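First up is the structure itself, then whatever we jot down about it.
The values are calculated or read from the model by the stated rules, or taken from the named source; none is laboratory data. Note that the structure is predicted; figures quoted are calculated from it, not measured. Cβ sites come from the backbone with ideal geometry, for glycine too, and all protein chains shown count toward neighbours.
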Amino acid sequence: MAKAKLFGAIVMSAQSIDLTIVNLRNLETVERVSAPVALGDRLFTEGGIDYDVVDEAVSALRGFQQLMTDDGVTDERVVASHTITDAENISYVRDQIYTKTGLTVHFMTVSEELMFRYQAAAAYLPNFRELIDEGTVLIQIGASSITLMVFQAGELTLTRELQLGPMQVAQKMAQLEHQVDTYEDVLADYLHSKLLDVWRLLPEKQFKQVILMGSKLTLLENLIPENKRALALSHADFNQRFDQVMTLSDQELEDQEQLPEMEVNEVAPTFLLLNELFDTMQIETVWVSNIKLLDGFVVHHAAETGQLKLNWDFNETMISAAKNLAKRYQVDQAHQKKVLTFAVQLFDRLRKIHGLGPRERLLLQLAAILQDTGLYLDANQHAFHSEYIIRASEVLGLDLTEQFAVAAIARYHSSRAPSAGLSHLSRLPLEARLTIAKLAAILRLADALDDSHRAKISKISVSIRKQTFTVTATANDDIELEKWTFSQKGTFFREVFGLQPILKRKGTL
């Protein structure tokens, strides 16, 4: 029997660097280790990563490299959570790590981390589909932030990140802790005020259950039976654990609960935050999991490389999430549906010419869905507002370059053509800019085919000749506006593909 190919995954976060070595075909863990490196120790107060800590990180990574060599790892990846990538000196830190270890660190976005957690839950929680069909909120508690993923009828309808991670809150409130006798009451008030925005956005439907995951749940995770990934607690069970934990002294937390000293001051922010969430949402059941971001990264890589088959269409999940984001900005759904359909048809018909693949097709779909979000802010130059909204939003599953690409494609769907060199995207590699240009050129034509927003064109067919790209539209109505707009927007298409786009109509008037 052939020896299993092992994968080494390393995640760098605010308080630790973690390694897991796994067989991707069955997700069996060969080795899992953690190094307590406090990369975020002064991140929230001073904005950077201390260089003594960088040396600790390099030492830990070298140790991990030796472990991977000993275990025969054939592939490895290193990623950094979005928390530490916000450090002012992160580029220098990344370069030092590469120079001293040869490891390249990929910076994750919030959107990527959301997808990794989604995929981990799908892989490791047997009842995950049932939970999201019924409606649930997946709450991730990290060192610097918390994220909420709201599911209704099986769809991800809302994501929200809040800078309320226990480590960040503890650092911000450290001085106050020693100035007042009622620190926990003040802390509870602080958390309550910061969560008000969440209650405004949450749907009116009451959620009976939540799923917890993250790096700051040690005192709940230790209730999970060995070899299990999750445990269901009633709200009363949580309250009992809350009362027990909140009465323990710092020393008792270390001695009785084996909590690391560096995490003791994070207990109150964690439990008071959860208490506020559960009480306000009137939660009945809490599913506590020991699933980490590291697990999600492994599942993602296994699925992406085709070594793990999950009965889940994550591309469709991304599309559904984007549609729900567009709904928040009151996008015209009938127009959105038409543009999305036409964009995909044009992309598929041009496949041999543009040379792009499935991932780029997905980016085009996301841009088509979100292109008109800017109308919510202002009808004048709405495409610029769409670009801003997309860049500032959590578009599930996209890395930083992809998010910039989707935003730029949406920006250029309108009548104003981009400059020949996409000058405002000069920071992106040439290949990325070419991809944006091709997808923007396609989206501009797709949008033109429903310029009246009256769904006049029922279907299209495409014919490609040596120098022309002819779209024949079936319509039993006048489409002169669509023809005029198609001609205007077609100029950029010709620049990009070297084909003259032509729109013809067939049908009776």
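Residues in segment 109-147 that are of a type in the set (Val, Ile, Thr) and assigned to a helix (DSSP H, G or I) were compared, and the one that is modelled with the lowest pLDDT is VAL110.
Here are some residues: ARG94, ARG160, ARG77. Which one is within 30 Å of VAL198 (Cα to Cα) and either over 22 Å from the mean Cα position of the chain (by Cα) or basic (Lys, Arg) (or both)?
Working: ARG94 fails: within 30 Å of VAL198 (Cα to Cα); ARG77 fails: within 30 Å of VAL198 (Cα to Cα).
Every option except ARG160 fails the conditions.
Does LYS438 fit the bill of being out of contact with any Pro (no Cβ under 7 Å at 6 or more places or on another chain), free of Cβ contacts under 8 Å to residues at least 24 places away in the same chain and either over 30 Å from GLY296 (Cβ atoms) or in the same structural domain as THR85 (by TED's automatic domain parsing) (or both)? The answer is no for LYS438.
Among the residues of segment 427-476, the ones that are β-branched (Val, Ile, Thr) and touching a strand residue (DSSP E or B) at 6+ places or on another chain (Cβ under 7 Å) come to 8 in all. Residues of segment 163-179 that are touching a helix residue (DSSP H, G or I) at 6+ places or on another chain (Cβ under 7 Å) and surrounded by 16 or more Cβ atoms within 10 Å (Cβ to Cβ): LEU164, PRO166, MET167, GLN168, VAL169, ALA170, GLN171, MET173. Out of the strands (runs of 3 or more DSSP E) lying entirely within segment 1-86, which hold 2 or more residues that are surrounded by fewer than 16 Cβ atoms within 10 Å (Cβ to Cβ)? Ranges flagged: 28-35, 73-80.
Here's a check for you: in segment 343-381, which residue that is closer than 17 Å to ILE319 by Cα and of a type in the set (Lys, Arg) is surrounded by the fewest Cβ atoms within 10 Å (Cβ to Cβ)? By that ranking, first place goes to ARG359. Residues in segment 1-29 that are over 19 Å from ALA303 (Cβ atoms) and at pLDDT 90 or above: 6 in all. Among the residues of segment 227-271, the one identified as in contact with a Lys or Arg (Cβ under 9 Å, 6 or more places away or on another chain) and of a type in the set (S, T, N, Q) is THR270. Counting residues in segment 474-486 that are in the same structural domain as GLU431 (by TED's automatic domain parsing), among the β-branched types (Val, Ile, Thr) and farther than 26 Å from LYS352 by Cβ gives one or more. If we scan segment 222-233, do we find a residue that is in the same structural domain as VAL150 (by TED's automatic domain parsing), touching a residue at least 40 places away in the same chain (Cβ under 8 Å) and over 24 Å from LEU125 (Cβ atoms)? Within segment 222-233, not a single residue is in the same structural domain as VAL150 (by TED's automatic domain parsing), touching a residue at least 40 places away in the same chain (Cβ under 8 Å) and over 24 Å from LEU125 (Cβ atoms).
The criterion of at least 2 residues that are aliphatic (A, V, I, L, M) is met, among helices (runs of 4 or more DSSP H) falling completely within segment 306-386, by 314-328, 333-349, 358-370.
List the helices (runs of 4 or more DSSP H) inside segment 189-274, counting only whole elements, that have at least 3 residues being closer than 30 Å to GLN152 by Cβ and touching a helix residue (DSSP H, G or I) at 6+ places or on another chain (Cβ under 8 Å). Steps first, answer last, please.
Values: elements: 196-201, 218-221, 235-246, 250-257.
In segment 189-274, 235-246 are the helices (runs of 4 or more DSSP H) which contain 3 or more residues that are closer than 30 Å to GLN152 by Cβ and touching a helix residue (DSSP H, G or I) at 6+ places or on another chain (Cβ under 8 Å).
The residue list VAL150, VAL169, VAL137, VAL198 contains one member that is in contact (Cβ under 8 Å) with a residue 40 or more places away in the chain, in contact with a Ser or Thr (Cβ under 6 Å, 6 or more places away or on another chain) and not small (Gly, Ala, Ser), which is VAL150. Can we say SER289 is surrounded by fewer than 18 Cβ atoms within 10 Å (Cβ to Cβ), farther than 30 Å from PHE497 by Cα and in contact with a strand residue (DSSP E or B) (Cβ under 8 Å, 6 or more places away or on another chain)? The answer is no for SER289.
Against the test of being at pLDDT below 95 and over 30 Å from GLU113 (Cβ atoms), the options ALA446, ALA383, ALA455 yield a single qualifying residue, ALA455. Within segment 213-231, the set of residues being among the acidic types (Asp, Glu) and under 19 Å from LEU131 (Cβ atoms) comprises just one member, GLU221.
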